[in-house]
Amino acid sequence: MSKTSNAMWGGRFAAGPDAIMEAINASISFDRRLYAEDIEGSRAHAAMLAKAGIVSDKDAEAIREGLLTIKSEIEAGEFEYSTALEDIHMNVEARLKALIGEAAGRLHTGRSRNDQVALDFRLWTRGQCDAAIEALTKLIRALVARAEECADAVMPGFTHLQVAQPVTFGHHLMAYVEMFGRDLSRFADARTRMNESPLGAAALAGSSFPLDRDMTAKALGFDRPMANSMDAVADRDFALEYLGAASICAMHLSRLAEEMVIWSTAQFRFVAMGDAWSTGSSIMPQKRNPDAAELIRGKIGRILGAQVALFTVMKGLPMTYGKDMQEDKEQVFDAADNLLLSLAAMEGMVATMVPNRESMRASAALGFSTATDLADWLVRELGLPFREAHHVTGALVAKAEDKGCDLPDLTLEEMREAHEGITEGVFSVLGVENSVASRRVYGGTAPEQVRAQVKRWKDRLG
């Protein structure tokens, strides 16, 4: 062994290759999070082994009691983990042997760490789908409540971040309800697909013992056992699909967070953020920084990064299990933690933000936001082709710009200079309130439509 290579290991690895191998091989530092799933799966497996006559009822009972003791020790912070035992599975098994003796060795009958880890990780990810659905439901409820309050609060709608047409703040918030509603359905769909049990696949080929895989699947809340033992231990689609849903959801959260950052600026003043979700400046006493929103906006980087990382781990692996797959968990754990944190923070921000109706309404009246209403009126009332109506409206916008006023401030005579057929009735569509009220088409911004969508979501959520 060269002096140079010893220097490269340095510090904690000075003991040589044994220390390096233990460090790279052990996963107990992070997969200890799977303890509850590991114990749940082992209890179901032991009960099945006893019913099938593979182990005695006495041994199965000892295993059950020992596993419950281990779970209590872990939850009380009294369990001693060992990196030499590599992972949560071997740590639990070693402790079980210390508690009940020889019977502990019978628990692994008909089972491999390959199907064991696949089971534990699948159970954990299924639980994260449930947690995401619950958190999304709370956020959607908060958005629906604010949308109902602001169903008639006029604000500017934007394209290219330029004022486009007046909308209502309630309608804007309901757009995010639809987006998060799709996220909710994605997690539910992913949960349905992952709800098959890999337990009993053993190392890769199944087992020669008469295992009742339907029994363990049912005991663990799965719809059925997985149909192919090789696929059962090789598959990580469930984690990738969870990360896909999480990445899209984080992107939606980032978009809403960005809007909240914009809305809370002095230039917009559309909302005031709750004090709990803002911080002050260390040097500028007037500042209220939307830190929570900015942090949520940034979470997409690590959540999407986790998906890319796991895709990269899995992309070239031959069937069935490779140690590479030990790299499947840390990024999923991190993504799940940050997604749930972001959802909870966004729910809090939505629930406590204070809309500024006056500022939103004043901004909605800027930028000739009712120009499309004018063009529509010319088509509807005068029978102009839309392209001609578009041209006439453009001429009127130019006239208003020259005068330094908005469209409703032009006189009827000035409007007739652009088209002699224009009548007094045109002013009925030029106010921002009139504009939003006219958008009664299904899915439109009219307050009555916003309230209808609010009711639909209330009924859906129960």
Q.
Run through segment 121-209 and list the GluC sites (Glu not before Pro) located in a DSSP loop whose Cβ has at most 13 other Cβ atoms within 10 Å.
A. none
Q: Could you work out the mean projected area of the convex hull around the alpha carbons of segment 292-352, in square nanometres to one decimal?
A: 4.4
Q) If we sort 425-434, 123-132, 165-174 on the protection proxy, mean other Cβ atoms within 10 Å, highest first, what's the order? A) 165-174, 123-132, 425-434
Q) Going from the alpha-carbon gyration tensor of segment 19-106, what semi-axes, largest first and in whole Å, does one get by taking the root of 5 times each eigenvalue? A) 25, 13, 11
Q) Please state the relative contact order of segment 363-461 as a whole percent: Cα pairs under 8 Å, 6+ residues apart? A) 26
Q. Mean 1/r over all different Cα pairs, inverted: what Kirkwood radius does the chain give, in Å?
A. 26.6
Q: Quick one: pull the percent of accessible area on segment 19-106 belonging to carbon and sulfur, 1.4 Å probe, ligands and nucleic acids left out.
A: 48
Q: State in Å² the accessible area per residue of segment 27-87; use a 1.4 Å probe, count heavy atoms of protein chains only, and round to the nearest integer.
A: 48
(Q) Quick check: pseudo-label points 7 Å beyond the Cα along Cα→Cβ at residue 68 and residue 433, how many nm apart are they? (A) 6.8
Q | Point-charge dipole on Cβ atoms (K/R +1, D/E -1) for segment 363-461, about Cα centre, debye to 20 | A | 920
Q) How large is the charge dipole for segment 19-106, taken about the Cα centre, if only the Cβ atoms of Lys, Arg (+1) and Asp, Glu (-1) carry charge, to the nearest 20 debye? A) 240
Q) What is the extension gain from residue 214 to residue 455, computed as 0.36 nm multiplied by their sequence separation minus the C-alpha to C-alpha distance, in nm to one decimal? A) 82.6 nm
(Q) Give me the tail of P(r) for segment 363-461 as a percent: Cα-Cα pairs with distance above 25 Å. (A) 26
Q. What accessible surface, in Å², does a 1.4 Å probe find on residue 374, ignoring ligands, DNA and RNA and rounding to the nearest 10?
A. 0
(Q) Using the Cα centre of segment 19-106 as origin and beta-carbon charges of +1 (Lys, Arg) and -1 (Asp, Glu), tell me which of 69, 23, 42 is placed farthest towards the positive end of the dipole. (A) 42
**Q.** Heavy-atom surface of segment 311-457, accessible at 1.4 Å and reported per residue (Å²)
**A.** 49
Q | Shape call, segment 348-414: gyration tensor on alpha carbons, a/c limit 1.5 | A | prolate
(Q) Relative contact order of the chain, please, whole-number percent, based on alpha carbon pairs below 8 angstrom and at least 6 residues apart. (A) 17
Q: Please give the length that would be gained between residue 109 and residue 315 if that part of the chain were fully extended, namely 0.36 nm times their separation in residues minus their C-alpha to C-alpha distance (nm, one decimal).
A: 71.0 nm
Q) In whole percent, what relative contact order does segment 19-106 give with Cα contacts below 8 Å and a gap of six or more residues? A) 41
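The values are calculated or read from the model by the stated rules, or taken from the named source; none is laboratory data. Owing to the predicted nature of the structure, the values given are computational and were not obtained by experimental measurement. For neighbour counting, all protein chains shown are included, and Cβ atoms are generated from backbone atoms with ideal geometry for every residue, glycine included. When the accessible area is computed, the model is the full protein with side chains, heavy atoms only, and any ligands, DNA or RNA have been set aside. Shrake-Rupley method; radii C 1.70, N 1.55, O 1.52, S 1.80 Å.
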